[in-house]
1. Going through 40, 95, 58, 100 one at a time, which residue ends up being modelled with pLDDT of 85 or more and more than 30 Å from residue 3 (Cα to Cα)?
2. Confirm whether residue 179 is at pLDDT below 90 and in a helix (DSSP H, G or I).
3. State whether one or more residues within region 11-21 are at pLDDT below 90, crowded, with 21+ Cβ neighbours inside 10 Å and assigned to a helix (DSSP H, G or I).
4. Return only the number of the condition from (1) in a helix (DSSP H, G or I); (2) at pLDDT below 80; (3) touching a strand residue (DSSP E or B) at 6+ places or on another chain (Cβ under 9 Å) that residue 196 does not satisfy.
């Protein structure tokens, strides 16, 4: 395999793996922040259980990057065509899933920006709850209750979602490079030298398979066969 390209495959796979690990940390912090800050001003046990489900259960979503990245690193290290084929398949599926994640995260961030805007300017803590006003509504600056205990939780959640979107895009671009290089090595055939076959003749000599066929005359001399014009 080409050493430069196999090195680029390893680097791209390492970047995808690192991006997946960072996403795991961000997703875990998002679940913790959401679980700590979300409230409905009641003691409904069912709702508290459903909120706690987010704690420590979002990070497995980052495996969509970590697994293909790790497989790509192994394939680059072993320089094995079979591993490159597996990497190509896994990265293709991961690109589709991660693209869907990016769309969902981006839409969530857009909705948040249009509904709240800048938290420090449009939100305030009041009566043990964070209240925000709609930045689009310039006539009624009415602060409405949000389902968060403090505005600090809301602002931290916005920052985490923004960081998640950024790293999803960066890791997606790195994984696209991993996909290209892994598929390149999967489809590439090794160069080989043409082997010469030695064919026995009636006269006891040998002839190369690449040699022009000869016709033996009555005088025991070899003459080339006539070619079509």
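1. Sole residue among the options that is modelled with pLDDT of 85 or more and more than 30 Å from residue 3 (Cα to Cα): 100.
2. no
3. Taking every residue of region 11-21 in turn, none turns out to be at pLDDT below 90, crowded, with 21+ Cβ neighbours inside 10 Å and assigned to a helix (DSSP H, G or I).
4. All conditions are met except number (1).
The values are calculated or read from the model by the stated rules, or taken from the named source; none is laboratory data. None of the values given here were measured: they were computed from a predicted structure. Cβ atoms come from the backbone with ideal geometry, glycine included; neighbour counts cover every protein chain shown.
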